[in-house]
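A short worksheet on the structure shown next.
What follows draws every value from the coordinates through simple rules; no lab data is involved. This one's a predicted model, so the numbers in the text were calculated from it and none came from an experiment. Glycine also receives a Cβ, built like all others from the backbone with ideal geometry; neighbour counts cover every protein chain displayed.
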Amino acid sequence: MALALATRSSLIAPSATLAMGAEAKKLKARGIEVLDFALGEPDFDTPANIQQAAIRAMQLGQTHYTPPAGISELRSAVAELYTRQHGLATDAAQVVISNGAKHSIHNALMAVCGPGDEVIIPAPYWVSYSDLVKLTGAEPVILATPEESGFKLTPEQFLAAVTRRTRLLMINSPSNPTGVVYSRDELAALADAVLTTDVGVLSDEIYEQLTYGDARATCFATLRPELADRTITISGVSKTYAMTGWRIGWAVAPVSVAKFMGDLQSQETSNPCSISQWAALEAITGPQDSVAVMKAEFQKRRQYVLERIKGLPDVTCLPPGGAFYAFMNVSAHFGRTIRGRPIKNSTDFCMAALSEASVALVMGSAFGAEGYARMSFATDLKTLEKGFDALEKFLAA
Ligand SMILES: Cc1ncc(COP(=O)(O)O)c(C=O)c1O
């Protein structure tokens, strides 16, 4: 008899962004040039000073197990970063270093959610949130935030969704996939609503340094003194320092939650890569000039993308205030047939764009928002130009 899978296996689907990236890779392997805007990862090399720190760590023999929650130097540096830059008094005991922010989110959810619990997730949401919640046995409660409301959750919406079972609200500003950045006042209003309940908050701030124009990221836990005890802040080095492959993220949490997360890691993965931890320490404590350079480049690409979207027939886009995504409204094309392919939804749209125009996007449905296609602009301008040329032809067909 074949080995049966646990019932848990039905709870998760492969990450749609990674799946789309894999489809694109298959075409590439067949020699087809794919204009790949599916993956959310900076195309820059990791800055040289960070690479050097990793080499130094190896040469110094820092290649052994570390404490499960991370080396004390990095935990202290993260605590210092929050204390100094964000104004959130943080102790190193509140910081847990994990294998990327995704792992931090998983462990944070494992710490506070379980069967019978509900977790409120505003949609559009990052692909992994709902599946990570389901893995804990808890139930994701998805609240649609329409484009007309700027893709933002309102305090009224949140309060109307709270039940006796609600454990957590997950928020993500700047947002993947919409690029939406809540203003400080909007988050403060949400914070006040949260404080009238017993609900905790998981604030995913991984794109905190990538904002454009007047938009500014806000560290949610700093908004009201009472929030520190019930907020888990997630961030890491992947996006800011072009370090997606190094796998270092962190959580700043109440001490009891951080303690459990560390214990969980001690049984589950042990420490995150020792070399990556030393590299991450250099990333956050070393010179920051490369961050400004990468940000300026993203800013240029964002401008270019917004200009070119105006030239796409029947496609609109709310300008992203942060991150590196354009969440394009493509719903006007539903009901059409493009190059013989009927387009009924965002999956049809993205699949047709891939096979007919060799342009890889991610369907809005993967983010809980039908009607959209996400384009990552963490790609060079030349590729963006080719991509828009191809999309223009595809939509005019
Ligand atoms: C909103 C959001 N949170 C977390 C992550 C995960 O980051 P990491 O690569 O550090 O696991 C991503 C990556 O795409 C993301 O977009």
Order these peptides, 260-266, 306-312, by their mean beta-carbon neighbour count within 10 angstrom, highest first.
260-266, 306-312
The range 223-278: equivalent-ellipsoid semi-axes (sqrt of 5 x gyration tensor eigenvalues, Cα, Å):
23, 17, 7
quick shape note, the chain: Cα extents on principal axes in Å, largest first -> 61, 58, 53
Rounded to the nearest 10 degrees, what's the angle between the helix 101-112 long axis and the longest principal axis of the chain, both from Cα atoms, 0 to 90?
60
Charge dipole magnitude, Cβ of K and R +1, D and E -1 - the chain, Cα centre, debye nearest 20:
760
I'd like the orientation of helix 72-81 relative to the chain: the angle between its Cα long axis and the longest Cα principal axis, in ° from 0 to 90, rounded to 10.
70
Assign unit charges at the C-beta atoms only (+1 for Lys and Arg, -1 for Asp and Glu), then state the dipole size of the range 49-285 relative to its Cα centre in Debye, rounded to the nearest 20.
480
Just tell me which lysines come within less than 26 Å, Cα to Cα, of LYS26; anything on the same chain fewer than 8 places away is out.
LYS102, LYS239, LYS344, LYS382, LYS386, LYS393
Rg over Rh, two decimals, the range 49-285 (C-alpha only, Kirkwood Rh):
0.96
Quick one: helix 48-59 against the long Cα principal axis of the chain, what's the angle to the nearest 10°, folded into 0 to 90?
50
Where does each of 323-329, 12-18 land if you order them by average Cβ count within 10 Å, highest first?
323-329, 12-18
Cross-link partners of LYS259 among aspartates and glutamates (Cα-Cα below 15 Å; sequence separation of 8 or more within a chain)
ASP91, ASP229, GLU268
If you take the charge dipole of the chain about its Cα centre, with +1 on Lys and Arg Cβ and -1 on Asp and Glu Cβ, which of GLY100, PHE377, ALA323 is farthest toward its positive end?
PHE377
Take the Cα of SER9, step 7 Å along the line toward its Cβ, and report every residue of the range 118-158 whose backbone nitrogen sits under 19 Å from that point.
131-132, 134-137
Can you give the charge dipole size of the range 254-382 about its Cα centre, rounded to the nearest 20 debye, using +1 on the beta carbon of Lys and Arg and -1 on the beta carbon of Asp and Glu?
540
Calculate, in nm to one decimal, what GLU370 and THR63 gain on full extension: separation in residues at 0.36 nm each, minus their alpha carbon distance.
105.9 nm
